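Accompanying notes for the structure given below.
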Amino acid sequence: MVEIQPNVPDDLSPYKIQSLPPNFYYIPNFLTPSESEYLLQKISTNRWTQLSHRRLQAHPSTLTKTNTLLSAPLPTYLTTFPPITERFSKIRIFKDTPHKSANHVLINEYKPGEGIMPHEDGGAYAHVVATISLGASIVLDIYDKRGDGDVENENEKGVRRRILQEPGSLLVTTGEAYTSLLHGIEEIERDEGLGEDGVVNWKLLGDKSKFEGGVNERGTRVSLTYRDVLKVSKVGIGILGRR
Ligand SMILES: O=C(O)CCC(=O)C(=O)O
Ligand SMILES: [Fe+2]
């Protein structure tokens, strides 16, 4: 059997999502199916924090009230096996952030019908987010940020654009895409109307044939969002180390 190779490009420019003005990149098959399986299995053995519409893990830990990360290494399955840090270095996505690499990973799990309200990721992080999707495909909605930023009100959310994320894919959000847009996931059991017109990264998908009839039946989707937290306290290691 031919071993499937991951897709780790030298140059990100062919993966830029063209029909979105600011900077998003979508890379299908960034992880192979067996790497994805392995990661899902490792993640499944950790403790989750149950939220009302999804569940969550924060690695190496949750940020403090002042948005500070207590310095600690990330678990190796999130960095070296599979070699995710090395692949991020190759595509150079964190080259301009303060710590030159990701130091924090949030893992979200969404079952069919679950999602996340439109929001922005805010000031705790450098303006680069690398999102690995696992398990199942899902649509991420992107909205323009409007005047008062009242995202509770549907009408204030502005124009919606849709990014379809396949398992094993990487979505990179940088610069203006990070600062001027909101993102969210609808709490529905099926994404519909998928196609060239409705999905901004349609041309970049790894396997369009999965979305026959423009439909994606949601399954359990896990996302890993890698970020560089700006404020890091070395104290964390000291206290834990002395225990
Ligand atoms: O699951 C996703 O792709 C989005 C997660 C997210 O927006 C967040 O954790 O801030
Ligand atoms: Fe977010």
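The values are calculated or read from the model by the stated rules, or taken from the named source; none is laboratory data. This one's a predicted model, so the numbers in the text were calculated from it and none came from an experiment. Methodologically, a virtual Cβ is constructed for each residue, glycine included, from the backbone with ideal geometry; neighbour enumeration extends over all protein chains shown. The protein model used for the area step is the full one, side chains on, heavy atoms only, and it has no ligands, DNA or RNA in it. Shrake-Rupley method; radii C 1.70, N 1.55, O 1.52, S 1.80 Å.
A few remarks follow.
- Counting Cα-Cα pairs of segment 182-226 in 10 Å increments starting at 0 gives whole-percent bin shares of 22, 53, 25, 0.
- Gain upon complete extension [Lys65, Val235; 0.36 nm per residue less C-alpha separation]: 59.7 nm
- Computed over protein heavy atoms with a 1.4 Å probe, the carbon and sulfur contribution to the accessible area of the chain reaches 51%.
- Spatially proximal lysines relative to Lys231 (Cα-Cα < 19 Å; intrachain offsets below 8 disregarded): Lys65, Lys95, Lys100
- Viscosity 1.306 mPa s, temperature 10 °C, Stokes-Einstein D of the chain from Kirkwood C-alpha radius, µm²/s: 85 µm²/s
- Accessible surface, the chain, averaged per residue in Å² (probe 1.4 Å): 51 Å²
- Rounded to the nearest 20, the size of the Cβ-charge dipole of the chain about its Cα centre is 1200 debye, with Lys and Arg at +1 and Asp and Glu at -1.
- Cross-link reach list, lysines versus Lys203, counting only Cα pairs under 25 Å and skipping chain neighbours closer than eight places: Lys16, Lys90
- For the chain, the mean residue ellipticity at 222 nm estimated from helices alone is -4000 deg cm²/dmol, where every DSSP H run of n ≥ 4 contributes -39500 (n - 2.57) and the total is divided by all residues, rounded to the nearest 500.
- Sparse packing (at most 16 other Cβ atoms within 10 Å of the Cβ) combined with a DSSP loop state is found for the following trypsin sites (Lys or Arg not before Pro) in segment 1-57: Arg47.
- Shown here for segment 54-155: GluC sites (Glu not before Pro) in loop regions (DSSP other than H, G, I, E, B) with at most 11 other Cβ atoms within 10 Å, namely Glu152.
- Label zone at Lys208, where the point sits 7 Å out along the Cα-to-Cβ direction: segment 5-31 residues whose backbone N lies under 17 Å: 15-20, 26-29
- The phi-based Karplus calculation (6.51 cos²θ - 1.76 cosθ + 1.60; θ = phi - 60°) puts the 3J(HN,Hα) values of segment 185-199 at 10, 5, 8, 9, 9, 8, 8, 10, x, 7, x, 3, 7, x, 10 Hz, whole numbers, x for Gly and Pro.
- Of the residues Ile138, Gly213, Thr79, the one whose Cα sits farthest toward the positive end of the charge dipole of the chain, with +1 on the Cβ of Lys and Arg and -1 on the Cβ of Asp and Glu, is Thr79.
- In straight-distance terms, cross-link reach from Lys111 covers every one of the lysines whose alpha-carbon lies under 25 Å from its own, apart from those fewer than eight places away in the same chain; here that gives Lys42, Lys157, Lys208, Lys210.
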